[in-house]
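The values are calculated or read from the model by the stated rules, or taken from the named source; none is laboratory data. Fair warning: this is a prediction, and the values are worked out from it, not measured in the lab. Virtual Cβ from ideal backbone geometry, glycine too; neighbours counted across all protein chains shown. Protein only, heavy atoms only, side chains kept; ligands, DNA and RNA dropped before computing areas. Shrake-Rupley method; radii C 1.70, N 1.55, O 1.52, S 1.80 Å.
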Amino acid sequence: MEFEQIKEYTVGDDVRSINWKATAKAADLMVNQFQDEKSQHIYSILDMGRVMQMPFEGLSLLDYAINSCLAFSNIAIKKGDKAGVVTFSHVIHKSPAASNRKTHLLGILEMLYGLKTDYLDTDFGLLYTWLKRKVNQRSMVMLFTNFEYHSALERQLPYLQAIAKQHLLVVVMFENTLLESVAESQSERLSDVFNQTIAGKFIYDKRWMAKELNRHGIQTILTKPKKLSIHTINKYLELKARGLI
């Protein structure tokens with residue numbers, strides 16, 4: 001429930017909601033009136049593990065995720081939703097409470113400034129436990145991470161499925177634009193053909209992983225790093241328009 005207004009007491013109102021300060025000023029019983037909370041909790045969760053250190057055009061995947069998180073949180077707050085941010089790897093690093101206050105975006109900016117990967121493996125089990133303990137209401141969870149191999153996704157899939165049962169989970173993964181350029185290049189030597197084949201296999205695997213997540217009921221964004229912000233914002237607006245959040 002969220003606060004709506006202060007009104008005069010009428011028979012049947014909960015006496016526990018009496019606002020004694022307003023009552024003293026008005027010389028009449030006044031009560032706080034509440035309504036069902038309309039704003040939703042929207043969490044951007046940034047994987048700070050080694051998978052996010054991969055560079056693209058001078059920025060790491062984590063840098064792209066941070067920029068997208070700020071743009072996405074700004075839109076969510078303007079839409080009246082409460083934006084929260086969680087950073088994690090083998091531990092939960094920072095997790096300010098979700099809010100839609102106008103000053104909250106500045107707090108998120110200060111928190112994310114200068115953030116770097118810690119080159120360690122990410123503990124998705126820890127993330128699931130934290131969300132279950134700290135985030136009690138169903139929320140939208142935008143998870144910025146990356147999987148390059150089937151085995152990496154398969155290890156974490158049970159935790160992602162468990163999170164998706166409690167929240168609307170959107171997993172954000174990155175296309176490898178360098179591999180795409182190799183796969184699309186002209187083949188002049190046998191080594192070029194070999195490189196193209198390997199690059200094509202990695203591209204296929206990444207698309208297969210996105211489909212596998214969708215098959216388990218998990219929303220997925222597979223995007224080039226430069227188009228990350230527009231795709232995350234569009235996904236949020238799409239899910240909101242569909243009434244899923």
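See the values below:
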read-out: Test set (1) open to solvent by less than 30 Å² (accessible area, probe 1.4 Å); (2) out of contact with any strand residue (DSSP E or B) (no Cβ under 9 Å at 6 or more places or on another chain); (3) charged (D, E, K, R) - Arg215 fails condition number; value: (1)
read-out: Test: residue in the range 187-195 that is among the aliphatic types (A, V, I, L, M), farther than 26 Å from Glu57 by Cα and at pLDDT below 95; value: yes
read-out: Residues of the range 22-56 that turn out to be assigned to a loop (DSSP other than H, G, I, E, B), among the hydrophobic types (A, V, I, L, M, F, W, C) and open to solvent by less than 20 Å² (accessible area, probe 1.4 Å), as a count; value: 1
read-out: Condition check for Ser17: closer than 20 Å to Leu239 by Cα and either under 18 Å from the mean Cα position of the chain (by Cα) or open to solvent by less than 30 Å² (accessible area, probe 1.4 Å) (or both); value: no
read-out: Residues (closer than 20 Å to Phe144 by Cα and loosely packed, with under 14 Cβ neighbours inside 10 Å) located in the range 95-106; value: Ala97
read-out: Hits in the range 110-145 (condition: under 13 Å from Gly49 (Cα atoms), open to solvent by 10 Å² or more (accessible area, probe 1.4 Å) and β-branched (Val, Ile, Thr)); value: Thr117, Thr122
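Quick grid of which residues meet (1) acidic (Asp, Glu); (2) surrounded by 13 or more Cβ atoms within 10 Å (Cβ to Cβ); (3) assigned to a helix (DSSP H, G or I); (4) at pLDDT 90 or above:
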residue	(1), (2), (3), (4)
Ala199	no, yes, yes, no
Tyr204	no, no, yes, no
Lys211	no, no, yes, yes
Ser229	no, yes, yes, yes
Tyr236	no, yes, yes, yes
Leu239	no, yes, yes, yes
